[in-house]
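A short worksheet on the structure shown next.
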Amino acid sequence: MSDVAARLAAVRARIDAACARCGRDPASVALVAVSKTQGADAVRAAYDAGQRVFGENYVQELVEKARALEDLTELRWHFIGHLQRNKAKDVASVARCVETVDSVRLVEAIAKRVDASTPLEVMLQVNVGGEAQKSGCTPAELPALIDAVRATPLVLRGLMTVPPLGQEPEASRPHFRALRELAQQHGLRELSMGMSADLEVAIEEGATIVRVGTAIFGARA
């Protein structure tokens, strides 16, 4: 698994270089290592190389890996996939942050299942590209969603988006910029945006979290 460590170091170097180009502190950008479809051994290899925050897209995978890696006491999970309300309890029991909250009903479902002694952070997923097949609230729905979260014990961390798939990283820029402007309008500072192909553009547009899978773990298993 030494290749995981090498690729992780390369991703960190990309983050550092992108921050240097736009005058940002690399510490202002958190890396979520997306481990979906990867085995627990790959997560452990990244953890051994210093990575502490991991992202999972599927509830069953998240729960199984959390169980298998309980000995890694500093490991933190982000849930970054579409979440059905009936799975909220499972995710809330192991995740530190749910990045894909996109409806008031989902807010309510998660809030009912949160242990008050362990605050759960959430990010609101916005479908800035207006893609019918993609999850996320519309910009017009965002104010009501923010109000709903603030009426619960959940901790509102910021906004998240998955831009339309483009041929070039620059194609993501207007969508990242739109998310940043929405966050500014609503007084939110955290932005989860940017993946393996376009993390540099995301950082230039203000990302505070980048979600990187393939560039760290290689092709999906």
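The values are calculated or read from the model by the stated rules, or taken from the named source; none is laboratory data. Note that the coordinates shown come from a computational prediction; the quantities given were computed from them, not determined experimentally. Cβ: placed from backbone, ideal geometry, glycine included. Neighbour counts: every protein chain shown. The protein model used for the area step is the full one, side chains on, heavy atoms only, and it has no ligands, DNA or RNA in it. Shrake-Rupley method; radii C 1.70, N 1.55, O 1.52, S 1.80 Å.
Only a single criterion out of (1) more than 18 Å from the chain's Cα centre (by Cα); (2) within 19 Å of Arg76 (Cβ to Cβ) is not satisfied by Val91, namely (1). Residues that are within 18 Å of Ala151 (Cα to Cα), touching a Pro at 6+ places or on another chain (Cβ under 8 Å) and in contact (Cβ under 8 Å) with a residue 24 or more places away in the chain are absent from region 89-106. Within region 11-51, the residues that satisfy the criterion of being open to solvent by less than 20 Å² (accessible area, probe 1.4 Å), closer than 30 Å to Lys89 by Cα, in a helix (DSSP H, G or I) and not β-branched (Val, Ile, Thr) are Ala42, Ala45, Ala46. Can you work out which of the residues in region 1-10 that are in a helix (DSSP H, G or I) and not hydroxyl-bearing (Ser, Thr, Tyr) is nearest to Val201 (Cα to Cα)? Among those residues, the one meeting the criterion is Ala10. Within the option set Glu121, Glu99, being charged (D, E, K, R), at negative phi, open to solvent by less than 10 Å² (accessible area, probe 1.4 Å) and within 13 Å of the chain's Cα centre (by Cα) holds for one residue only, Glu99. For region 137-151, give me the residue count where each residue is in contact with a strand residue (DSSP E or B) (Cβ under 8 Å, 6 or more places away or on another chain) and either under 17 Å from Leu199 (Cβ atoms) or assigned to a helix (DSSP H, G or I) (or both). Here the count works out to 6.
Counting only residues that are over 28 Å from Ala116 (Cα atoms) and assigned to a loop (DSSP other than H, G, I, E, B), region 152-188 holds 7 of them. Scan region 52-82 for residues that are open to solvent by less than 10 Å² (accessible area, probe 1.4 Å) and assigned to a loop (DSSP other than H, G, I, E, B) and the total you get is 2. Ser135 meets all of the listed conditions (1) of a type in the set (S, T, N, Q); (2) open to solvent by less than 80 Å² (accessible area, probe 1.4 Å); (3) farther than 30 Å from Glu181 by Cβ but one, namely (3). Annotation: of all residues in region 64-118 being closer than 15 Å to Val155 by Cβ and among the hydroxyl-bearing types (Ser, Thr, Tyr), the one that is modelled with the highest pLDDT is Thr118.
In the set Asp48, Asp90, which member is out of contact with any helix residue (DSSP H, G or I) (no Cβ under 6 Å at 6 or more places or on another chain) and acidic (Asp, Glu)? Result: Asp48 is the single residue among Asp48, Asp90 that is out of contact with any helix residue (DSSP H, G or I) (no Cβ under 6 Å at 6 or more places or on another chain) and acidic (Asp, Glu).
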